[in-house]
1. Here is a check on your reading of the model: is LYS276 surrounded by 13 or more Cβ atoms within 10 Å (Cβ to Cβ), farther than 26 Å from VAL239 by Cα and among the charged types (D, E, K, R)?
2. Please state which one of ASN153, ASN122 is touching a residue at least 40 places away in the same chain (Cβ under 8 Å) and of a type outside the set (Asp, Glu).
3. Mind listing whichever residues of the range 190-236 are in contact (Cβ under 8 Å) with a residue 24 or more places away in the chain and at positive phi?
4. For the range 51-65, which positions are hydroxyl-bearing (Ser, Thr, Tyr) and part of a helix (DSSP H, G or I)?
5. Among GLN110, GLN159, which is the only one that is in a helix (DSSP H, G or I) and either touching a strand residue (DSSP E or B) at 6+ places or on another chain (Cβ under 6 Å) or more than 19 Å from ASP234 (Cα to Cα) (or both)?
6. Being closer than 24 Å to LEU171 by Cβ and in a helix (DSSP H, G or I) is the filter here, so list the residues in the range 184-215 that pass it.
7. Of the residues SER310, SER320, which single one is touching a Pro at 6+ places or on another chain (Cβ under 7 Å), modelled with pLDDT under 90 and surrounded by 13 or more Cβ atoms within 10 Å (Cβ to Cβ)?
Amino acid sequence: MGGMSDIHVIAFYKFVRFDRPDLIQDDLMAALRRLHVKGTVLLSEEGLNGTVAVPANYADQTLTTLRSLPGCDNLEAKTSVCRDMPFLRLKVKIKPEIVTMGVPGTDPNQLVGSYVKPEDWNALITDPDTIVIDTRNDYEVELGSFNGAINPNTETFRQFPEWFDKYKTDLAAAGRTPKIAMFCTGGIRCEKATSYVKATGIEDVYHLDGGILKYLETVDADTSLWHGECFVFDDRVSVGHGLMQGDYQLCHACRMPVSPEDRSHPNFEAGVSCPKCAGTISQDKLAALRERQKQVRLAAARGETHIGDSVVMTPRHKPSAA
């Protein structure tokens, strides 16, 4: 088993115009393979987005490779460490969008809200004229959020435009023209959301630069307005202030985050099911999960990591820096 700093997990995104992402794909795949990178990179005409893992001694070269792409010299990335390689293979995919909203013409390269640094975020969201919106999915918000933030209760980011259209109607009926501040895990969803919201005619639109992760990394816990933990899309599952690994695990049946309270519930079975999915799983799948968990325990007894013990993204989310 590797040491705690043997693997670096790098999450990144950038909205940048790639007229022919297909001309980038093969060369990027080859360059990352040479560096032993695993994970997923999404390319589209609007930019790139990904979460990859790499042996620590190749981390700097991996960032150099990504920043060598056209227009990406100032690409920012968030790096964390983990015990073992969380991904099984490398994928570089071409997609219509690097984060799927499904609204043609929404392009942060053309129209985007104002970036707010983490150290300035508290002042913005405590302003009584500011409406704060969490652009993440419902299962993510369940783990934690900012004081007073609105939860749209969306299952996917595709649902955000429909939710906001209804919400904007309510604002208009109340005669309100507020400032709107939005946030997400790593910044990509809230940045794209600002593009959509500004296109509806609202001018004062802001988003948290670097997302929750940058805030938790930058802002001291004693002055923080964040409560709970932040869901992340790697084997840490959740993080808190200082990006320290949190208390959540992932259910291997439904792929949803499982709290310490969930794990003490009678319906929780380690590696098999949790209170959210108990009673919904077929007997065949239960048998397969129990056999897998047996192999995980045997591998641990040998001082090894079972290959099937890597985190798989939740079914309602595609790999991203989100």
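1. no
2. Unique residue meeting the criteria: ASN122.
3. Answer for the range 190-236, where residues must be in contact (Cβ under 8 Å) with a residue 24 or more places away in the chain and at positive phi: GLY210, GLY211, GLY228.
4. TYR58, THR62, THR64, THR65
5. Answer to the check: GLN159.
6. Once the filter is applied, which keeps residues that are closer than 24 Å to LEU171 by Cβ and in a helix (DSSP H, G or I), the range 184-215 yields ARG189, CYS190, GLU191, LYS192, ALA193, THR194, SER195, TYR196, VAL197, LYS198, ALA199.
7. SER310
Rundown of residues vs (1) buried (at least 17 other Cβ atoms within 10 Å of the Cβ); (2) at pLDDT 95 or above; (3) out of contact with any helix residue (DSSP H, G or I) (no Cβ under 8 Å at 6 or more places or on another chain), yes/no style:
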residue	(1), (2), (3)
HIS8	yes, no, no
PHE15	yes, yes, no
GLN25	no, yes, yes
ALA30	no, yes, yes
HIS36	no, yes, no
VAL41	yes, yes, no
GLU46	yes, yes, yes
ASN49	yes, yes, no
ASP60	no, yes, yes
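The values are calculated or read from the model by the stated rules, or taken from the named source; none is laboratory data. On a predicted model such as this, the values are computed, not experimentally measured, just so you know. Because the Cβ atoms are built from the backbone with ideal geometry, glycine has one as well, and the counts that use them run over all protein chains shown.
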